[in-house]
Amino acid sequence: MIALITGSSSGIGLETSVYLARRGYTVWATMRNLEKAVELRKIIESERLPIELAQLDVCNDSSVKVAITQIVQKSGRIDVLVNNAGYGLRGASEEVSLDEWKAQFETNFFGAIRVTQAVLPQMRAQRSGAIVNISSVLGRMAIPFSGPYIASKFALEGLTETLRYELAPWNIKVVLIEPGFIATNFQQNAQLAQAAQSQDSPYALFKQASGRRVQRNIYRAAPPERVAETIYRAITHPHPKLRYAVGRDARLALPLRRFLPEGLFERILKKQLGL
Ligand SMILES: NC(=O)c1ccc[n+]([C@@H]2O[C@H](COP(=O)([O-])OP(=O)(O)OC[C@H]3O[C@@H](n4cnc5c(N)ncnc54)[C@H](OP(=O)(O)O)[C@@H]3O)[C@@H](O)[C@H]2O)c1
């Protein structure tokens, strides 16, 4: 079985590459900058894992095309695609420039479409495959000061639901993984919108309160291996569900979001956020 994972230089992508390779998958661990493969190379060498590295920037058409062509030529098929590459962008929605909004969507949303479109002709020819889109608990509920990230993940959720119907005739499974806080460098790698960096931001006080909440929850983050396990469970299931929540926070928040009346959920969340 051949798996292709985007954003494998760190965090969930790295962990999933190793997890699937240890269970017999031949993994194409892709990343936009192969110089960041130092940690992964060490694991591959020490465990002699079946992992191939390839350069793939999800924002770049030709990079995606070259990588997929290389994978199909060398491995002959693609059984699993994990659309994992992504980053966070913080700032009040008013303060995030349109260019920053667009860049966020270019990676988190259009990046997933770009790679999916490149992989689908192969999966349709095989009449089988699995596409795993890494969304977030924030793909189904909002908090303040992460508007572009949240909107990009809501969009990814809509796309995934659509693909499930469209690809069923070819026996291609499509699933969403919805992690809560996961212990990776995601928070450190998240960008802060330029205008939000000013001390004069009208949102400064609210952002401090919300930032303190993020710090509290990082402490309770689940290990990235939990996400990798869940991906494995989904891709090996004959009839995977649409959504898989990962982490205690996600498994608590998402059912509350679904079953509580919206007004009540909003009041509870505002209280939690100190708003
Ligand atoms: N950690 C969490 O709490 C959490 C929770 C919910 C969902 N998620 C989602 O999980 C996914 C992985 O995040 P993570 O936690 O593993 O964070 P991470 O350690 O920061 O990993 C993000 C990965 O995405 C890659 N990436 C960013 N832009 C890219 C591009 N244009 N092309 C290819 N790769 C690109 C990064 O590559 P570089 O090293 O080159 O930057 C890195 O490998 C993201 O989609 C994120 O939204 C994370």
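What residue, among those in region 174-213 that are modelled with pLDDT of 85 or more, away from the ligand (no atom under 14 Å from the Cβ) and of a type in the set (Gly, Ala, Ser), is surrounded by the most Cβ atoms within 10 Å (Cβ to Cβ)? By that ranking, first place goes to ALA193. Looking only at region 140-173, filter to residues that are more than 14 Å from the ligand (Cβ to nearest atom) and touching a residue at least 60 places away in the same chain (Cβ under 8 Å); which one of those is surrounded by the fewest Cβ atoms within 10 Å (Cβ to Cβ)? Looking at the filtered set, the residue picked out is GLU161. When ARG267 is tested against (1) more than 24 Å from the chain's Cα centre (by Cα); (2) of a type outside the set (A, V, I, L, M, F, W, C); (3) on the phi > 0 side of the Ramachandran plot, just one condition goes unmet, and that condition is (3).
Residues considered: LEU81, LEU14, LEU4. Of these, the only one that is among the hydrophobic types (A, V, I, L, M, F, W, C), in contact (Cβ under 8 Å) with a residue 40 or more places away in the chain and within 25 Å of LEU192 (Cβ to Cβ) is LEU14.
The residue that is nearest to ASP79 (Cα to Cα), among those in region 1-57 that are polar (S, T, N, Q), within 13 Å of the ligand (Cβ to nearest atom) and surrounded by fewer than 19 Cβ atoms within 10 Å (Cβ to Cβ), is GLN55.
Scanning region 97-129 for residues that are away from the ligand (no atom under 16 Å from the Cβ) and surrounded by 24 or more Cβ atoms within 10 Å (Cβ to Cβ) turns up just one, GLY129. For region 65-87, the set of residues classified as near the ligand (Cβ under 9 Å from one of its atoms) and of a type in the set (A, V, I, L, M, F, W, C) consists of ALA85 only.
Filter region 214-228 down to the residues that are assigned to a helix (DSSP H, G or I) and at pLDDT 95 or above, then identify the one that is surrounded by the most Cβ atoms within 10 Å (Cβ to Cβ). Step by step, filter region 214-228, then rank; the result is VAL227.
The values are calculated or read from the model by the stated rules, or taken from the named source; none is laboratory data. The structure presented is a predicted model; accordingly, all values stated were derived computationally and were not measured. Don't worry about glycine lacking a Cβ; one is built from the backbone with ideal geometry, like all the others, and counts go over all protein chains shown.
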